1. What dipole magnitude, in Debye to the nearest 20, does the chain give about its Cα centre under +1 on Lys/Arg Cβ and -1 on Asp/Glu Cβ?
2. Taking the Cα atoms only, what angle lies between the long axis of helix 2-46 and the longest principal axis of the chain, rounded to 10 degrees?
3. Taking R0 as 41 Å, what's the FRET efficiency between N72 and L23 from their Cβ-Cβ distance, rounded to 0.05?
4. Note the angle between two axes, namely the Cα long axis of helix 50-61 and the longest principal axis of the Cα atoms of the chain, as a number of degrees from 0 to 90, rounded to the nearest 10.
5. Using Cα pairs closer than 8 Å and at least 6 residues apart in sequence, work out the relative contact order for segment 35-106, in percent.
Amino acid sequence: MRHLEAAAIGLVFAIASAYMVALTARQGAGVSGVGAQRALAWALLNAQSPENVTRLVSIALNGTNYEVHVLNWGEPLEPKLPFCYGAALVNATTNEVKVVAVCAGP
């Protein structure tokens, strides 16, 4: 009878472990995407110029595995990471458009 009890406990432990691993794997991508989105939003709220946005994004990300792209209008964005959040910044005096994109991945 103890063997059946031990087998049942082992089965429950294996199912719980598999569930926790699957839950962690799914959550990893979402968390990094949310981090990139928040970093870009914080930088946009606090920036005074497009150059300042990229500096603030770098500060907000604090050396994590995110990519920051600064593009001129019309340049193609070719990210290496799956989640990207971007904003177009327009200089009111010169009508120059810059796109700042923050990309993140698991």
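Just so you know, all these numbers are worked out from the coordinates, no wet-lab data involved. Since we're looking at a predicted model, the values are computed, not measured. All Cβ positions, even for glycine, are placed from backbone atoms using ideal geometry, and neighbour counts span all protein chains on display.
1. Numbers: 6 positive and 6 negative charges, 63 e Å.
The calculated dipole for the chain is roughly 300 debye.
2. 10 degrees
3. Details: r = 41 Å, r/R0 = 1.01.
Result of the calculation: an efficiency of 0.50.
4. It works out to around 20 degrees.
5. Numbers: 108 pairs, mean separation 25.1, N = 72.
Here the relative contact order equals 35 percent.
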